[in-house]
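Report on the structure given below.
The values are calculated or read from the model by the stated rules, or taken from the named source; none is laboratory data. The structure presented is a predicted model; accordingly, all values stated were derived computationally and were not measured. For neighbour counting, all protein chains shown are included, and Cβ atoms are generated from backbone atoms with ideal geometry for every residue, glycine included.
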């Protein structure tokens, strides 16, 4: 069994696939298996896959029912302790990315590790997307982590199930949320691990993606947790107002005392 399984899904993106597999092949860390799940591409991707077939642990090119159906095929075939989902067009930022991550994963043994990413907008502007060191319900209610920059313990898919294809664009968010609610442990790798172009399916359908995130939140988070979450946020908001009100009163007292001593000094002068 390999330490890590890297799964790349692809459909008619031969240029992106080339970049992805080159970044994987160039890694200094070698204890991984590499699986290619192609959706029956007709743009030259199949020829590229066949060209490098000897380097892949497994590959297939056939019709699928969508992104997460393809990913689930990879999960069902993979044998690694941890899984990484590096889609065509995404690539590892440096040759020691996996070496660096492996050193952390082998030492701590959390359920899900998540790193930062370098994102590129359609305008070609690049920026670093950093994630918090600690996860919270407030985070999950509004945001998610980057799927491609994660190392996920493979046993979680046996315990929690595969990606739910009902969420055609946000099944990874639904899985991460389910894992968090189930008490699975997250650990942040504070380093940029991958390059992620914002031209993916979910990026181009942001409104639908956000609606699916909201639907997943409503379906996955138990009602009693939602209730406690609302109460906690209301309490935090109340305390913020109380603290601000106290600060305002203290400032008024300070200004009054300052004004008093200022006038006293003028009288004495």
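Below is a table of values for the structure above.
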| read-out | value |
| --- | --- |
| Residue count for region 16-31, restricted to those that are out of contact with any helix residue (DSSP H, G or I) (no Cβ under 7 Å at 6 or more places or on another chain) and in contact (Cβ under 8 Å) with a residue 60 or more places away in the chain | 8 |
| Qualifying positions in region 128-137 - more than 11 Å from the chain's Cα centre (by Cα) and either buried (at least 18 other Cβ atoms within 10 Å of the Cβ) or not in a loop (DSSP other than H, G, I, E, B) (or both) | 128, 135, 137 |
| Members of region 93-107 found to be surrounded by fewer than 17 Cβ atoms within 10 Å (Cβ to Cβ) and either closer than 21 Å to residue 186 by Cβ or not assigned by TED's automatic domain parsing to the domain that holds residue 150 (or both), listed by number | 100, 103, 106, 107 |
| Test: residue in region 36-58 that is in the same structural domain as residue 120 (by TED's automatic domain parsing), under 21 Å from residue 93 (Cβ atoms), touching a helix residue (DSSP H, G or I) at 6+ places or on another chain (Cβ under 7 Å) and in contact (Cβ under 8 Å) with a residue 40 or more places away in the chain | no |
| Residue 197, sole failed condition from (1) in contact with a strand residue (DSSP E or B) (Cβ under 9 Å, 6 or more places away or on another chain); (2) modelled with pLDDT under 95; (3) surrounded by fewer than 17 Cβ atoms within 10 Å (Cβ to Cβ) | (3) |
| When residues of region 138-155 are limited to those that are free of Cβ contacts under 8 Å to residues at least 60 places away in the same chain and within 22 Å of residue 92 (Cβ to Cβ), the one surrounded by the most Cβ atoms within 10 Å (Cβ to Cβ) | 149 |
| Residues within region 143-189 that are more than 24 Å from residue 20 (Cα to Cα), in contact with a strand residue (DSSP E or B) (Cβ under 9 Å, 6 or more places away or on another chain) and outside any helix (DSSP H, G or I), tallied | 4 |
| Enumerated helices (runs of 4 or more DSSP H) restricted to region 6-87, each holding at least 2 residues that are under 21 Å from residue 154 (Cα atoms) and at pLDDT 95 or above | 67-77 |
| Enumeration of residues in region 92-127 that are in a strand (DSSP E or B) and at pLDDT below 95 | 119, 120, 126, 127 |
